[in-house]
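Read through the structure below, which is laid out as structure tokens, and then see the notes.
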Amino acid sequence: MSTIIDSGRLAEHNAQLRAGLNADYEALGGMLARRGVDIEKLTAAAQGFAVALPSWGVGTGGTRFARFPGRGEPRNVFEKLDDCAVIHQLTRVTPGVSLHFPWDKTTDPAALRQQAESHGLYFDAVNSNTFQDQAGQEHTYKFGSLTAINADTRAQAVRHNIECIELGRVLGSKALTVWVGDGANFPGQHNLRGALERYLGSMREIYAALPADWLMFIEHKLFEPAFYATTIADWGTSFACAQTLGDKARCLVDLGHHAPNTNIEMIVARLAQFGKLGGFHFNDSKYGDDDLDSGSINPFQLFLVFNELADAAERDGAAFKPAYMLDQSHNVTDPIESLMNSAVEVQRAFVQAQLVDRAALRQHQEANDALQSAQALKHAYRTDVSAILAMARLRAGGAIDPVAFYRGSGYRDRAAEARPARAGASSSGIV
Ligand code: PSV
Ligand code: MN
Ligand code: MN
């Protein structure tokens, strides 16, 4: 495996922090032992956890209003992969990369796969994009893609999704994520039921092109860019479509795609109960689809989501394996730092959820003891598992403090030199 980060310097970094980590780990281990918890089991669980990186996340995303490019942004998918490799080398929790087409389109997918493998990376779900027009495109998506009134536009959008599957096949992906911004900005602009019928017609054609061992993830989002009625606005619509399409169709939950205060953990529980939870786009949000770093606004909600996932894993065993991916956008931070922090926050929520005493929780629930039930969750959530996460990284060859090491490594300076800024350059296509 090729390494972009100097392993000698990484060893020095870890050597400097090792004694402190050992002391913290021992203290935490002692405290957990008194609770009947074996810290080694948690560390092994942390090492077994993974969350995939969004290729579009390693560039500066920007907002609808402006984009302020960062230094050394990747200019193509190969450079994006280099940045993803750095994140994985330091955190050891992000071996998967989720690509987005046509942003990440390459004429040599086999070479891309080879590069990924040389970094110890693999490709998670591929994403299609029919929410933007591309240069030279025959039919516009101004009035929708998979739901468009114009049959040729729908056929073009279907073809693009099938092309994504073909590319994903060469890359070793096993799932296609479909998010469409289709919808209406005005009451009456389109027939609400008719739009969903057209969507299902298009999705049936894409579904028919899925290889036997692939899944299709349907991603819902409350609003934006359609501000009156988004065709796939909620988990109910997503669920109904997934049921209609068949077993390979599942629902994808992007944490930012709900109205503020929505009980997302309950959506997760419902989808898991009915075998339709396909995966996640983790991020955080205060108001809407903010795409903020995971755990930066509402870490308790993230923990509660993982508490439901732990419950589902306990019930369904190894068969339960939703896809975990990040989906965030960075405007004021270095994307590599933000993605490292987010990956660790998602891993933290996973480990905290393993700390919930599920037997005790069930007893409290059966006794209708609301207070103790809530405390059983809070007790796990309040436990600082940082030393477990750092030890998991260290044992897997990562950095005890990924952001501190990255800042001292000079990687961004080297990237800025090797990747001179281009006017209007954008890693994701969002400018
Ligand atoms: C849409 O808001 C979304 O969450 C979908 O996952 C897209 O593919 C992604 O963002 C693109 O930025
Ligand atoms: Mn998303
Ligand atoms: Mn989004």
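Checking 36, 8, 20, 30 one by one, the residue that is modelled with pLDDT of 95 or more and at positive phi is 36 and no other.
Of all the criteria given as (1) out of contact with any Phe, Trp or Tyr (no Cβ under 6 Å at 6 or more places or on another chain); (2) more than 16 Å from ligand 3 (Cβ to nearest atom); (3) part of a loop (DSSP other than H, G, I, E, B), the one not satisfied by residue 62 is (2). Just the residues that are within 16 Å of ligand 2 (Cβ to nearest atom), of a type in the set (Gly, Ala, Ser) and over 26 Å from residue 320 (Cβ atoms), please, taken from the stretch 16-56. Answer for the stretch 16-56, where residues must be within 16 Å of ligand 2 (Cβ to nearest atom), of a type in the set (Gly, Ala, Ser) and over 26 Å from residue 320 (Cβ atoms): just 55.
State whether the residues of the stretch 243-264 include one that is in contact with a helix residue (DSSP H, G or I) (Cβ under 9 Å, 6 or more places away or on another chain), closer than 27 Å to residue 93 by Cα, in a helix (DSSP H, G or I) and away from ligand 1 (no atom under 12 Å from the Cβ). Checking the stretch 243-264: at least one residue is in contact with a helix residue (DSSP H, G or I) (Cβ under 9 Å, 6 or more places away or on another chain), closer than 27 Å to residue 93 by Cα, in a helix (DSSP H, G or I) and away from ligand 1 (no atom under 12 Å from the Cβ). For the stretch 274-285, taking the residues that are in a loop (DSSP other than H, G, I, E, B) and within 13 Å of ligand 1 (Cβ to nearest atom), the one that is nearest to residue 219 (Cα to Cα) is identified as 283. Across the stretch 286-335, the qualifying residues are those that are part of a helix (DSSP H, G or I) and acidic (Asp, Glu), and the one among them that is farthest from ligand 1 (Cβ to nearest atom) is 314.
Please pick out the residue among 360, 399 that is part of a helix (DSSP H, G or I), modelled with pLDDT of 95 or more and of a type outside the set (S, T, N, Q).
Working: 399 fails: part of a helix (DSSP H, G or I).
The match here is 360.
If I filter the stretch 258-269 for residues that are surrounded by 14 or more Cβ atoms within 10 Å (Cβ to Cβ), touching a residue at least 40 places away in the same chain (Cβ under 8 Å) and either among the aromatic types (Phe, Trp, Tyr) or farther than 25 Å from residue 314 by Cβ (or both), do I get at least one hit? No, there is no match, as no residue in the stretch 258-269 is surrounded by 14 or more Cβ atoms within 10 Å (Cβ to Cβ), touching a residue at least 40 places away in the same chain (Cβ under 8 Å) and either among the aromatic types (Phe, Trp, Tyr) or farther than 25 Å from residue 314 by Cβ (or both).
Scan the stretch 132-152 and tell me whether some residue there is among the β-branched types (Val, Ile, Thr), under 24 Å from the mean Cα position of the chain (by Cα) and either surrounded by 20 or more Cβ atoms within 10 Å (Cβ to Cβ) or not in a strand (DSSP E or B) (or both).
Looking only at the stretch 132-152, we keep the residues that are among the β-branched types (Val, Ile, Thr), and these are 140, 147, 149.
Filter again for under 24 Å from the mean Cα position of the chain (by Cα), leaving none.
Looking through the stretch 132-152, none of the residues is among the β-branched types (Val, Ile, Thr), under 24 Å from the mean Cα position of the chain (by Cα) and either surrounded by 20 or more Cβ atoms within 10 Å (Cβ to Cβ) or not in a strand (DSSP E or B) (or both).
Sort out which residues of the stretch 211-248 are surrounded by 23 or more Cβ atoms within 10 Å (Cβ to Cβ) and within 24 Å of residue 306 (Cβ to Cβ), and write them in order of number. Those that are surrounded by 23 or more Cβ atoms within 10 Å (Cβ to Cβ) and within 24 Å of residue 306 (Cβ to Cβ): 217, 218, 220, 221, 235, 238, 242. With respect to (1) in contact with a helix residue (DSSP H, G or I) (Cβ under 8 Å, 6 or more places away or on another chain); (2) outside any loop (DSSP other than H, G, I, E, B); (3) among the hydroxyl-bearing types (Ser, Thr, Tyr); (4) within 16 Å of ligand 2 (Cβ to nearest atom), the lone exception for residue 238 is condition (1).
The values are calculated or read from the model by the stated rules, or taken from the named source; none is laboratory data. Small disclaimer: the values here were computed from a predicted structure and weren't measured. Note: ideal-geometry Cβ built from the backbone for every residue, glycine included; neighbour counts use all protein chains shown.
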